[in-house]
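Student: One structure is given below, represented as structure tokens, and several questions about it will come after.
The values are calculated or read from the model by the stated rules, or taken from the named source; none is laboratory data. In this text, all values refer to a predicted model and were calculated from it rather than measured experimentally. We place every Cβ from the backbone using ideal geometry, glycine too, and count neighbours over all the protein chains shown.
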Amino acid sequence: MADLDIEDLKRRMNQAIDVLKHEMAGLRTGRASPSLLEPVVVEAYGSRMPINQVGNINVADARLLTVNVWDKSLVSAVDKAIRASGLGLNPAVDGQLIRIPIPELTQERRQEYGKIAGKYAEQARVAIRNVRRDGMEQLKKMLKGHEMSEDEHQMYHDEVQELTDAAIKRVDEALAHKEKEIMQV
């Protein structure tokens, strides 16, 4: 008798949730966070590099990030990359240190970020449902190939559904938490 690889399905669903959390970490909440600069890519040494590979990102206080650029020649490239990132940030250069004040979020921007968080959550739900669909298709093949009994099929079917429900619940909780964080003034 063949068994469905439940651990593989769990791992794939957890990956979808990890991707969601990583994407949501980059959404602004009105507070300074080093993860805010994660999507910024700098033109350095003839290639594109993540900002954390050209300098240290620190939180000076709740409304100020600093980037200590290691190579003096890259300061203007880092400044340019932050301005071009679409994050709405206006850095100030001070030698090799770049200060990035985090502006207050308007209600309109908060709602916009809430919608973006919702899109990320829906992408994660779709990924989880795709994993569920794959698992259910494997179960059907095993049942048709007489590799498992009807009872085993039903047991695995219920287990896959429980996994899916739990994963979707975690996505909904992450979304609710992020929306609360974004709307917090």
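Student: Is there any pair linking a residue in segment 82-94 that is farther than 17 Å from TRP70 by Cα and of a type outside the set (Asp, Glu) to one that is modelled with pLDDT of 80 or more and loosely packed, with under 12 Cβ neighbours inside 10 Å, with Cβ under 7 Å and at least six apart or on different chains, and which?
Tutor: Partner pairs satisfying both residue conditions: none exist.
Student: Let me ask something else. Pull up segment 154-169, narrow it to residues that are of a type outside the set (Gly, Ala, Ser) and crowded, with 18+ Cβ neighbours inside 10 Å, then point me to the one that is nearest to the chain's Cα centre (by Cα). Working first, answer last.
Tutor: Residues of segment 154-169 of a type outside the set (Gly, Ala, Ser): 154-165, 168-169.
Filter once more, keeping what is crowded, with 18+ Cβ neighbours inside 10 Å: 156, 160, 163-164, 168.
Details: TYR156: 30, VAL160: 24, LEU163: 21, THR164: 19, ILE168: 15 Å.
Step by step, filter segment 154-169, then rank; the result is ILE168.
Student: Return only the number of the condition from (1) hydroxyl-bearing (Ser, Thr, Tyr); (2) surrounded by 15 or more Cβ atoms within 10 Å (Cβ to Cβ); (3) at pLDDT below 95 that THR106 does not satisfy.
Tutor: Here THR106 clears every test but (2).
Student: Right, next: Please go through segment 19-62 and pick out each residue that is closer than 17 Å to ARG83 by Cβ, modelled with pLDDT of 85 or more and among the charged types (D, E, K, R).
Tutor: Residues satisfying the conditions are GLU43, ARG48.
Student: Checking the conditions here, which among MET155, MET142 is aliphatic (A, V, I, L, M), under 16 Å from ILE6 (Cβ atoms) and without any contact (Cβ under 8 Å) to a residue 40 or more places away in the chain?
Tutor: Details: MET142 fails: without any contact (Cβ under 8 Å) to a residue 40 or more places away in the chain.
Among MET155, MET142, only MET155 is aliphatic (A, V, I, L, M), under 16 Å from ILE6 (Cβ atoms) and without any contact (Cβ under 8 Å) to a residue 40 or more places away in the chain.
Student: Limited to segment 51-65, what total is found for residues that are within 20 Å of the chain's Cα centre (by Cα) and surrounded by fewer than 13 Cβ atoms within 10 Å (Cβ to Cβ)?
Tutor: Count: 1.
Student: Which pairs turn up if I take residues in segment 109-127 that are modelled with pLDDT of 90 or more and look for partners that are among the β-branched types (Val, Ile, Thr) and surrounded by fewer than 15 Cβ atoms within 10 Å (Cβ to Cβ) with beta carbon separation below 8 Å, at least 6 apart in sequence or on another chain?
Tutor: ALA124/VAL19; ALA127/VAL19
Student: Next question. Do we have any residue at all in segment 7-20 that's touching a Gly at 6+ places or on another chain (Cβ under 9 Å) and surrounded by fewer than 16 Cβ atoms within 10 Å (Cβ to Cβ)?
Tutor: Within segment 7-20, one or more residues are touching a Gly at 6+ places or on another chain (Cβ under 9 Å) and surrounded by fewer than 16 Cβ atoms within 10 Å (Cβ to Cβ).
Student: Mind listing whichever residues of segment 128-153 are surrounded by 19 or more Cβ atoms within 10 Å (Cβ to Cβ) and of a type in the set (Gly, Ala, Ser)?
Tutor: GLY135 - this is the single residue of segment 128-153 that is surrounded by 19 or more Cβ atoms within 10 Å (Cβ to Cβ) and of a type in the set (Gly, Ala, Ser).
Student: Say whether the condition of being acidic (Asp, Glu) and closer than 30 Å to GLU38 by Cα is met by at least one residue in segment 110-117.
Tutor: From segment 110-117, those acidic (Asp, Glu) are 112; that's our starting set.
Those still in the list that are closer than 30 Å to GLU38 by Cα too: 112.
Yes, there is a match, as at least one residue in segment 110-117 is acidic (Asp, Glu) and closer than 30 Å to GLU38 by Cα.
Student: With the condition being over 29 Å from GLU181 (Cβ atoms), I'd like the strands (runs of 3 or more DSSP E) fully within segment 35-110 carrying at least 2 qualifying residues. Quick ask: steps written out before the conclusion?
Tutor: On the way: elements: 41-44, 47-50, 55-61, 64-69, 92-94, 97-101.
Counting at least 2 such residues, we get 41-44, 47-50, 92-94.
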